[in-house]
Amino acid sequence: VTFGVDLDRLADYTAGLLDGTPQADEVAELIATRSDWAHAYAALADAERAVRVDLAGLGSQQIAMPPDVVARLDAALDEARARPQLTVISGEGAGRRTPGSAARARRRRQAWVAAAAAGVLALGGFGVTVLADMFSGRADETAATSGGPAVAQRGADALGGREPAAQPEAADSGPPRFTTSGMNYWPTDIASESFLSAPPAGGMAPGPSPSFSTGRKDVDEAQVPPPLRGLAADPGAMDACLRQVAAGYGGRPSVVDLARFQNEPALIIVLVDPAGRPVRVVVSGPACGQPGSGADVRFTTPVS
Amino acid sequence: VRADAGDSDEALLRAHTAGDPDAFGELVRRHRDRLWAVALRTLGDREDAADAVQDALLSAYRSAGRFRGDSAVTTWLHRIVVNACLDRVRRRQARPTVPLPETWNAPAAPAPDRDVALDVRSALAQLSADQRAALVLVDIHGYGVSEAAEILGVAEGTVKSRCARGRARLAVMLGYLRTGNPTSGGRVPSGSLPTDSGTEDGS
């Protein structure tokens, strides 16, 4: 900082956050030897108290959610109730509704549950042939493009009920499925036991889901971070990326979520074993597959 | 099993995950005003706040099955809403700034004719999103540092640091710490404030 008193340091010092550290001694020395620091230190406690009073005053003003926002929220939740989540089951559960709770629990540990009802594509190479439709708002109209067995399915209403159901024809040996969950993942999310048993679109951090259309103007833009669009729109580049990931860790990319990781655009890639069981999650950045960048890995964790 | 309005938050969430179509709506009705206030004060923009709350509650609706009871339901809801707000701010990447003083003088009383609430809101809007969120939770809504840390997903020391630094900056902007610049006392000045420095890890 360029001014005389480092306000942040002084605030930390005054709050006792530097106690027992060398920085505390440094600040004490500055206060003892420099008039500007001494004046600031002397004034800060009273000033802080005044600020607290002002902030508490704001808090005393009750704010109710406006009726139009309530109505909009209710409508969105009604739509969520009317459009239950789709489930993409890998492994033994592929293509079938899970029959009972025990079997469902077992399979949920083996499944990436993709709520992106409108955003599931199957692509070639590793399956990569076409991604562009994802960004034109036509993903829900796009079926498998390279002989892959997965399908894109419009809506979930036909499935009926709230119980997640297996998406037909989702097979383990097929190409990866791409989703645009709008999620912002964190390491603790991905390393958590529940990561693979819950829908990415409803998951660890808030974000819009492609399975909802609530009339918001920014949903399409928010779904795919712009730095990933070039990679996603170039099948060769995506194929190179996934090959780098597979070469580095083994396994086969099963699901790729074009999302964010710790606020940065990233591909969240689930690797599965030959039986279709998830074995590892790899987070790759936008440079994945580019010459010299390898898989641009930002984070990885095995799936227990 | 159907929940009713007298059920606890936890019971409502359990009922929702068990298939009760009305349970989540009741939970939302119970907490929406407070969630809205936090979002509005964190974002400072009505439309952004509406989007953030909607995103967050839809996310909570779908991920309720993963709530394991490690925290109160209301803490969990606040965490999702605050994260939605902070994500939105980071995407927006536009933060107005104000100048920091070159020198310090004795504190001055704020100008008597100013609209305190308006000035405070304006000054809050000029803090970093992280500092603002911490102050909204702790100083405006009265959460303890521990719960605020849980909501924000950071260490308690980080919350303390963000609050301390945020209050100090507000003190300058609101004129409680006056600078040598005669135009800045008692009003929120314009210009540029250095971005947050240091680690704020405060652990």
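The values are calculated or read from the model by the stated rules, or taken from the named source; none is laboratory data. In this text the structure is predicted, and so the values were computed from the model without any measurement. As a convention, Cβ positions derive from the backbone with ideal geometry for all residues, glycine included, and neighbour counts pool all protein chains shown.
What the table below lists for this structure:
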item	result
Considering residues of the stretch B:144-162 that are more than 8 Å from every other protein chain (Cβ to nearest Cβ), under 16 Å from A:ALA15 (Cβ atoms) and buried (at least 24 other Cβ atoms within 10 Å of the Cβ) only, the residue nearest to the chain's Cα centre (by Cα)	B:ALA148
Candidates B:LEU127, B:LEU170, B:LEU177, B:LEU135 - the one that is modelled with pLDDT of 90 or more, in a loop (DSSP other than H, G, I, E, B), of a type in the set (A, V, I, L, M, F, W, C) and surrounded by 20 or more Cβ atoms within 10 Å (Cβ to Cβ)	B:LEU127
Enumeration of residues in the stretch B:43-71 that are over 21 Å from A:GLY182 (Cα atoms) and touching a residue at least 12 places away in the same chain (Cβ under 8 Å)	B:GLY44, B:GLY69, B:SER71
Candidate set from the stretch A:29-71 (those that are surrounded by fewer than 18 Cβ atoms within 10 Å (Cβ to Cβ) and in contact (Cβ under 8 Å) with a residue 12 or more places away in the chain); member that is nearest to B:ARG34 (Cα to Cα)	A:ALA45
Condition broken by A:ASP12, with the remaining ones in (1) among the charged types (D, E, K, R); (2) surrounded by fewer than 19 Cβ atoms within 10 Å (Cβ to Cβ); (3) in contact with a Leu (Cβ under 7 Å, 6 or more places away or on another chain) satisfied	(2)
Search result, residues across the stretch B:13-28 that are at the interface with another protein chain (Cβ under 9 Å from one of its Cβ atoms) and exposed (fewer than 15 other Cβ atoms within 10 Å of the Cβ)	B:GLY19, B:PRO21
Close pairs from the stretch B:4-31: first touching a residue at least 60 places away in the same chain (Cβ under 8 Å), partner surrounded by 14 or more Cβ atoms within 10 Å (Cβ to Cβ) and among the basic types (Lys, Arg), Cβ under 8 Å, at least 6 apart	B:ASP9/B:ARG30; B:LEU12/B:ARG30
Scope the stretch A:5-20; condition more than 7 Å from every other protein chain (Cβ to nearest Cβ) and within 13 Å of B:THR158 (Cα to Cα); matching residues	A:GLY16, A:LEU18
Residues within the stretch A:245-297 that are under 21 Å from A:ASN184 (Cβ atoms) and surrounded by fewer than 17 Cβ atoms within 10 Å (Cβ to Cβ), tallied	4
